[in-house]
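Read through the structure below, which is laid out as structure tokens, and then see the notes.
Values in this text are rule-based calculations from the coordinates and carry no lab data. All figures in this text were calculated on a predicted structure; none of them were measured in a lab. Cβ: placed from backbone, ideal geometry, glycine included. Neighbour counts: every protein chain shown.
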Amino acid sequence: MPLARAVVEPQTGCAPVGVFDSGLGGLSVLRALRAQVPDESIIYVADSLYAPYGERDDDFIADRTLAIGQWLVKQGAKVLVVACNTATAQSIALVREQLSIPLIGVEPGIKPAAVQSKTRVAGVLATQVTLRSARFQALLERYAADCRFLCQPGHGLVQAIERCDVGSAELRALLDSYLQPMLDAGADTLVLGCTHYPFLDAAIRDIVGERMTLIDTSVAIARQLERVLDQHGLRSEPGRPADLPRFCSTSDGAHLQQLAATLLHIEAPVERVVIPSRRTVAPDSQAA
């Protein structure tokens, strides 16, 4: 919208990039962003009090995505990266209309999987919400004409990663139950359709070996951020000392701090923040 673009222009390059996920999965996107645009400051928000989004209704997801986007704008963010497939699938169009800064979403790598698969059979691991979304169904219709996609809801995987479990025997057994049927059906490509799942790379490799190519779209998201920053004249000054990300969590942040240290080798404090929304004015006693 023209008015939104007018608001974006006064932002300066030194303003931070906002990155949001329902929990810890967006750290895989953060890792790619720091590699692609190392001069940019980043605010990362994990809505861990209400994770996982894959078990929430569509209105709840849109409500939280908008509230956190608005909060990040108030923190001075110049661009918002919605580093959550579920939130992107259900709410990015609505949120883009409401916010005054550019938005970048994520989506499962159906297109690259269709290009790369030699057997013309590919597996998709994603949340149930992502798989049922109109956005995902449109991707299948657009790119899967001659490729069979085996879509598997990754029940339990996000919860495991949120508690920093990326390799227990129980987790590996769960993954095997999802991946072996894909291998038996001849799949040679696996779409990681949730930003949490790249942290399961080693566990997945132990099961599938080299029989599957893993499709992780975090690098493509980082390149898109670079293009958007250039398009709006919002790039940070080259060579500026890179700040540590500012980590914020709606939960206690302990697992966010642990996973950032263990998997990204970033030692940084986590701020606990309260971001109220229409659906979450009162504390959610059901939250994980």
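Rounded to the nearest 20 debye, what is the charge dipole size of the chain about its Cα centre when +1 sits on each Lys and Arg Cβ and -1 on each Asp and Glu Cβ? Could you put the intermediate results ahead of the total?
Numbers: 27 positive and 32 negative charges, 116 e Å.
Roughly 560 debye for the chain.
Once P(r) over Cα pairs in 10 Å bins from 0, in percent is worked out from the coordinates, which option in (1) 6, 26, 37, 24, 6, 1; (2) 6, 25, 32, 25, 12, 1; (3) 7, 30, 36, 22, 6, 0 does it equal?
(3)
Per-residue counts of other Cβ atoms within 10 Å, averaged by peptide: what ranking do you get for 207-215, 185-193, highest first?
Working: 207-215: 16.4, 185-193: 23.8.
Taking the mean over residues of other Cβ atoms within 10 Å, the ranking is 185-193, 207-215.
How far is helix 134-143 tilted, in degrees, relative to the longest principal axis of the Cα atoms in the chain, given as a value from 0 to 90 rounded to the nearest 10?
It works out to around 60 degrees.
Roughly what angle does helix 218-231 make with the longest principal axis of the chain, taking Cα atoms, 0 to 90 degrees, to the nearest 10?
30 degrees
Which shape class, rounded, prolate or oblate, goes with region 110-216 when its Cα gyration tensor gives a ≥ b ≥ c as root eigenvalues, a/c under 1.5 marks rounded, and past that a/b bigger than b/c marks prolate? Present the calculation step by step, with values, prior to reporting the outcome.
Numbers: a/c = 2.11, a/b = 1.37, b/c = 1.54.
Cα axes put region 110-216 in the oblate bin.
Would you mind putting 24-34, 92-102 in packing order, based on average other-beta-carbon counts within 10 Å, highest first?
On the way: 24-34: 25.3, 92-102: 17.8.
My ranking of the peptides, most packed first, is 24-34, 92-102.
What do you get for the angle between helix 254-264 and the principal long axis of the chain? Use alpha-carbon atoms, 0 to 90 degrees, nearest ten.
That helix lies at roughly 70 degrees to the long axis.
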